[in-house]
Amino acid sequence: MGIALRCSDLVKTYGPPGGPSQTVLRHLSFEIAAGEWVVIMGDSGSGKSTLLNILAGIDPFDSGELFLEDRSWGALDDEEKTLVRRREMGFVFQNYNLFPFLTVYENVALPARLNGRHDREAVLSLLREVGLHDKLHKFPSQLSGGEQQRVAVARALIHRPRLLLADEPTGALDHLTGRKVLELLTLLHKEFRPTIVMSTHSLEAARYGARILHLRDGQFVPPPGS
Ligand SMILES: Nc1ncnc2c1ncn2[C@@H]1O[C@H](COP(=O)(O)OP(=O)(O)OP(=O)(O)O)[C@@H](O)[C@H]1O
Ligand SMILES: [Mg+2]
């Protein structure tokens, strides 16, 4: 199996040059296989979102290397990064981040449209899978949190991205609703086989992944209590 992501000696520090600084990631090295579902766990402030933003190419890092498949993120310019994000990545966030003025249908169709591959049947079929085919013309504000997150999951996968980055996807949901979203993700992971990197605080949510990486003091550490 191929490698989806490879990181070596990644360092990320926040703060102005010469001013007070905080090193959040300290020489992180890891590999994630294509199609694998990896979970990042760690206390609040441990750097989970920072790491996901770096993997998405949104935030810069100070040193080290990051490869997406065989391409070095550091070697791509902003335009190339935008294209990689648009074509190859899907995103799910804690607060859904749907476009408030677009309907459910239009939210899900958007990434396919941006890639010039809009197919009405494909959008409808995915909306059926996430159980929202009867809410096509609703706006996000007319949906519950769990419904909004199911729209977000459909939007993240409609263009069949190779990598799905999910930052606390169940963080805003109650236990049962969160579980439904994760079960949906499990189903779609089997169907589409994207590589998934998901952060969570919840051990129960983490169990949906195949491998858990524990982030503490800027490094991956053995699980607590082991
Ligand atoms: N843009 C920024 N500028 C300065 N410091 C930042 C910035 N973003 C994050 N930090 C700091 O980096 C550390 C890691 O933050 P991050 O958001 O990655 O943690 P997290 O593990 O996602 O936390 P949570 O579980 O609360 O979401 C925190 O101490 C935070 O204050
Ligand atoms: Mg976070």
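Out of curiosity, is Phe93 among the hydrophobic types (A, V, I, L, M, F, W, C), under 21 Å from Ile212 (Cβ atoms), in contact with a Pro (Cβ under 9 Å, 6 or more places away or on another chain) and in contact (Cβ under 8 Å) with a residue 24 or more places away in the chain? Step through it out loud before you land on a result.
Details: among the hydrophobic types (A, V, I, L, M, F, W, C): yes; under 21 Å from Ile212 (Cβ atoms): yes; in contact with a Pro (Cβ under 9 Å, 6 or more places away or on another chain): yes; in contact (Cβ under 8 Å) with a residue 24 or more places away in the chain: yes.
Considered against the rule, which asks whether it is among the hydrophobic types (A, V, I, L, M, F, W, C), under 21 Å from Ile212 (Cβ atoms), in contact with a Pro (Cβ under 9 Å, 6 or more places away or on another chain) and in contact (Cβ under 8 Å) with a residue 24 or more places away in the chain, Phe93 comes out as yes.
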Criterion: under 30 Å from Glu31 (Cα atoms), within 16 Å of ligand 1 (Cβ to nearest atom) and part of a loop (DSSP other than H, G, I, E, B) - qualifying residue of Gly178, Gly225, Gly209, Gly171 = Gly171
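Kindly establish whether Asp167 is acidic (Asp, Glu), out of contact with any Asp or Glu (no Cβ under 8 Å at 6 or more places or on another chain) and at pLDDT below 95. Reasoning before the result, please.
Working: acidic (Asp, Glu): yes; out of contact with any Asp or Glu (no Cβ under 8 Å at 6 or more places or on another chain): yes; at pLDDT below 95: no.
Spelling it out, it is not the case that Asp167 is acidic (Asp, Glu), out of contact with any Asp or Glu (no Cβ under 8 Å at 6 or more places or on another chain) and at pLDDT below 95.
Taking the stretch 80-131 as the search range and keeping residues that are among the aromatic types (Phe, Trp, Tyr) and either away from ligand 2 (no atom under 16 Å from the Cβ) or assigned to a loop (DSSP other than H, G, I, E, B) (or both), which one is least open to solvent (accessible area, probe 1.4 Å)?
First, the residues of the stretch 80-131 that are among the aromatic types (Phe, Trp, Tyr): 91, 93, 96, 99, 101, 105.
Still in the list and also either away from ligand 2 (no atom under 16 Å from the Cβ) or assigned to a loop (DSSP other than H, G, I, E, B) (or both): 96, 99, 101, 105.
Details: Tyr96: 32, Phe99: 93, Phe101: 180, Tyr105: 13 Å².
Within the stretch 80-131, the match that is least open to solvent (accessible area, probe 1.4 Å) is Tyr105.
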Determine whether the stretch 142-152 contains at least one residue that is open to solvent by 80 Å² or more (accessible area, probe 1.4 Å), part of a helix (DSSP H, G or I) and at pLDDT below 95.
-> no
State which residue is nearest to the chain's Cα centre (by Cα) when the search covers only the stretch 132-169 and only residues that are within 14 Å of Val181 (Cα to Cα) and without any contact (Cβ under 8 Å) to a residue 40 or more places away in the chain.
-> Arg150
Take the stretch 186-206 and flag every residue that is more than 12 Å from Asp43 (Cα to Cα) and part of a strand (DSSP E or B).
-> Thr195, Ile196, Val197, Met198
Within the stretch 215-224, can one find any residue that is at negative phi and either open to solvent by less than 30 Å² (accessible area, probe 1.4 Å) or under 16 Å from the mean Cα position of the chain (by Cα) (or both)?
-> yes
Does the stretch 40-60 include one or more residues that are away from ligand 2 (no atom under 16 Å from the Cβ) and either open to solvent by 70 Å² or more (accessible area, probe 1.4 Å) or without any contact (Cβ under 8 Å) to a residue 60 or more places away in the chain (or both)?
-> yes
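Kindly provide the set of residues from the stretch 61-79 that are among the aliphatic types (A, V, I, L, M) and either surrounded by fewer than 17 Cβ atoms within 10 Å (Cβ to Cβ) or within 12 Å of ligand 1 (Cβ to nearest atom) (or both), ordered by number. Before you say what the answer is, go through the steps one by one.
Taking the stretch 61-79 as the starting set, the residues that turn out to be among the aliphatic types (A, V, I, L, M) are 66, 68, 75-76.
Scanning the stretch 61-79 gives Ala75, Leu76.
The values are calculated or read from the model by the stated rules, or taken from the named source; none is laboratory data. What you see is a predicted model, and the numbers here were worked out from it, not measured in a lab. So basically every Cβ, Gly included, is an ideal-geometry build from the backbone, and we count neighbours across all protein chains shown. For accessibility, only protein heavy atoms count, side chains too; no ligands or nucleic acids. Shrake-Rupley method; radii C 1.70, N 1.55, O 1.52, S 1.80 Å.
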